[in-house]
Amino acid sequence: MSAPQSDLSTTTSGAIPAQRTAPADAPPDSGAKHRRAHRGDWILLTWCVLLTVVMLGPLAAPGYVLSYDMVAVPDQALLPSSVGLSSAVPRAVPLDAAVAVLDTVLTGQLLQKLALAGIVLGAALGAGLALPKVRTGTRLVAASVYTWNAYVFERLVIGHWPTLIAYAALPWLLILGRRVRRGRTSAVAPSLLLVGASSLTPTGGLLAAALFGALVLAPGGRHGSRTRAISAVAVLALQAPWVVPSVLRPDPAVSDPSGVAAFAAASDSPLGLLGSLLTLGGIWNEGAVPDSRALPSAVALTMVVLVLAVLGATELRRHLGRAELATTGALAAAGLVVAVSSALPGGDAVLEWLVSEIPGGGLIRDGQKFLAWNALLVALAAAAGAARLARAAANRNTAAAVTLVAAVLPIAALPDLAWGAAGRLEPSRYPQEWADVRATLRAADGDGDVVVLPYQPFRRFPWAGDRAVLDPAPRYLGVEAVVPDALPVGGDTVVPGEDRRAAELAAALDGDDPARDLAVLGVGWVAVERDTPGTIPDGLLEALESVESNGVLDLYRVPGAIGTWTRIPPAPPVIAADIIFSVILIGASADVARIAFSRRRRSLRSQAS
Amino acid sequence: MGNFGGVVAAIVGVVLAGLTVVTAVNVSQPGDADDVSHEELINYDDN
């Protein structure tokens, strides 16, 4: 069987287009090879851009995408809670701080859209470049499978875009980890930047740090012990912004064990739980599952992708180094075990113990998110499987057709990921009344934080398609807010939260004199959303001072002396953790810029001579 | 052998195309996702 050499089979070596230049002293055939490689890179880039546009096209419309946990606001404020200095568990730390800083330059709307597009494009391109020395068609398959799957759909729709930052970083970390292992210390700085971006949330930090850390620390490789030590310490230090406030909060960062069952992976297809997970679905929230997962025809197409991955699994040994294969394989196995563990005998008991006894154990209760590691292995294996099939083809045309079909297969199996997840990611615009209340609050001189009623975490606004969405007001209003973190799930279960202040506030709202108790708990303002389901405690609003009443988002002031909630992590170590995080990222950015500048200078000198 | 491989590839291609069309047609049918709950308490897993 001869290797086909059509456009879809151009051999490339895994660099990004801008870095591709033919050496000046290269022989003529080498130059032709480089031109083919260059063309292959542009084909891959075009394909990845196409995938991104087809998936996220509707996001070009004005507005903010609000879907479950995905919340974006025009101008998020940088507040103490943004770095974990609050009573809440630091789930979005230091993400909130990063967004608050970046949206002053980009605006919240642009930042959200650039982030989502960057995630999809970055994931596709990274996967496409992750297999060294394979044909362009193989790269297209890897890009498609990694970008267009149930995991991406479900995590996008549920709004876990920070987890998807890590997802997009994983293939790049595989590439960079490979370079570090080959002794190229210049790959350490970009790796740290990617781990840092992934570590804006705890889950993302775990996903990225585990892959890069394991690659760097695995035995073998040409990198020295100094590189290993610096990389490992830096990767750990990048987790400090969320680890430090979690560890130092006055109340332990443990969660209620009922969350294990509520957020356990679930079968989302006719394939059952294991089949759903192996095909990268199985999120606990059935509202975030694509409709196509129930269709036998879509399941059959998905199974073909899985068969390709099985075919290519043994081929991966030829493409990846031993340490890379061991690392990606071990993490994929670990991800699957964590995801399926609650369904294993005794697994739920172990998880409940971990969640309720070990600080931070709650991170594993939505175990399906750790399938990100599996997705990387499945994508690379499916690409290798397609290449194997193409090699077995009788002629070039059949080989090209096999590769093309394999690249399009993920889209055919999950057509509802197209066009904003079939309309679920449609941008919405905030009512003008929200901006008015924000301006009033920011201009007012008054003590205390704000609480938004109805006192429940999720909303259903008519101006946001009546979809369930985490209340955006606490981030929108630009002042500190007490946010309910007890999560209603499945109709009759409420998973208690970890925030003692939020729980005491819930009790106060059910009490005899809620206005007095709000003041004691440090709440100076009450905002009332009038266009979402929910109840307002009887008599509460009559006891407050009306500041703004527009019928959409009303604002009240709590009378009397406002107390201060002091059960928060100590500021100095938390701020020190953020400084360490920032210094590492600034240092890594400077190193990346220095390397890029010196490469450019060498390239110009080479052209001049 | 080459002809046999080509025939198999053609059959697989037709089957995959058929599955693709069936999936695309069915997924575009309006489902129950538009049914909006008006319960006072909004669940994390509501549509």
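Values for this structure:
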| read-out | value |
| --- | --- |
| Angle in degrees between helix A:296-313 and the longest Cα principal axis of chain A, rounded to the nearest 10 | 50 degrees |
| Candidate residues A:R467, A:R460, A:R599, A:R222: accessible-area rank, largest first, probe 1.4 Å | A:R222, A:R599, A:R467, A:R460 |
| All lysines inside 27 Å of A:K113 as judged from Cα atoms, apart from same-chain residues fewer than 8 positions distant | A:K369 |
| Zone residues, the range A:510-541, relative to B:E40, backbone N less than 13 Å from point 7 Å out along Cα-to-Cβ | A:510, A:533-539 |
| Normalised alpha carbon radius of gyration of the range A:431-557 [divisor 2.2 N^0.38 Å] | 1.01 |
| All lysines inside 23 Å of A:K133 as judged from Cα atoms, apart from same-chain residues fewer than 8 positions distant | A:K33 |
| Heavy-atom accessible area, 1.4 Å probe, ligands and nucleic acids excluded: residues of the range A:527-547 down by at least 40 Å² from chain alone | A:P533 |
| Simple spin-label estimate for A:L106 and A:D492 in nanometres, 7 Å along Cα-Cβ | 4.5 nm |
| With DNA, RNA and ligands ignored, accessible area of A:M303 (1.4 Å probe; Å², nearest 10) | 70 Å² |
| Rounded accessible area of A:D466 (nearest 10 Å², 1.4 Å probe) | 50 Å² |
| Rg to Rh quotient for the range A:397-484, alpha carbon positions, Kirkwood Rh | 1.29 |
| Solvent-accessible surface (1.4 angstrom probe) belonging to A:R396, in square angstrom, nearest 10 | 140 Å² |
| Solvent-accessible area buried by pairing B with A, both sides, nearest 100 square angstrom, 1.4 angstrom probe | 2500 Å² |
| Listed residues A:A72, A:W42, A:T104: farthest to the positive end of the dipole of the range A:33-172 (Cβ charges) | A:W42 |
| Dipole moment magnitude, nearest 20 debye, the range A:431-557 about Cα centre, only Lys, Arg, Asp, Glu C-beta charged | 440 debye |
| Paramagnetic reach from A:R184 in the range A:311-348 [backbone N under 18 Å; point 7 Å along Cα→Cβ] | A:319-325 |
| Selected from B:F4, A:L325, A:W284, residue furthest toward positive end of dipole (the protein assembly as shown; charges at beta carbon) | B:F4 |
| Protection proxy ranking of A:415-423, A:587-595, A:499-507 - average other beta-carbon atoms within 10 Å, highest first | A:415-423, A:499-507, A:587-595 |
| Accessible solvent surface per residue of the protein assembly as shown, calculated while the other protein chains remain in place, 1.4 angstrom probe, Å² | 41 Å² |
| Exercise: per-residue mean of other protein chain Cβ atoms within 10 Å, B:16-22 | 6 |
| Debye, to nearest 20: dipole size of chain A, +1 on Lys, Arg Cβ, -1 on Asp, Glu Cβ | 5000 debye |
| Carbon plus sulfur fraction of accessible area for chain A, probe 1.4 Å, in percent | 62 percent |
| Stretchable slack from A:W353 to A:I586, in nm (0.36 nm times residue separation minus alpha-carbon distance) | 80.0 nm |
| Helix-derived mean residue ellipticity, 222 nm - over chain A, DSSP H n ≥ 4, -39500 (n - 2.57), to 500 | -17500 deg cm²/dmol |
| Amide H partners (placed H, <5 Å) of A:D449, local residues excluded | A:V523, A:G524, A:W525 |
| Size of electric dipole in the range A:547-607: Cβ of Lys, Arg +1 and of Asp, Glu -1, about Cα centre, debye, nearest 20 | 820 debye |
| Dipole of chain A, positive end: most advanced residue of A:F597, A:L211, A:A265 [Cβ charges, Cα centre] | A:F597 |
| Largest-first principal axis extents, alpha carbons of the protein assembly as shown, Å | 85, 56, 49 |
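The values are calculated or read from the model by the stated rules, or taken from the named source; none is laboratory data. None of the values given here were measured: they were computed from a predicted structure. As a convention, Cβ positions derive from the backbone with ideal geometry for all residues, glycine included, and neighbour counts pool all protein chains shown. All accessible areas refer to the heavy atoms of the entire protein, side chains included, with ligands and DNA or RNA removed. Shrake-Rupley method; radii C 1.70, N 1.55, O 1.52, S 1.80 Å.
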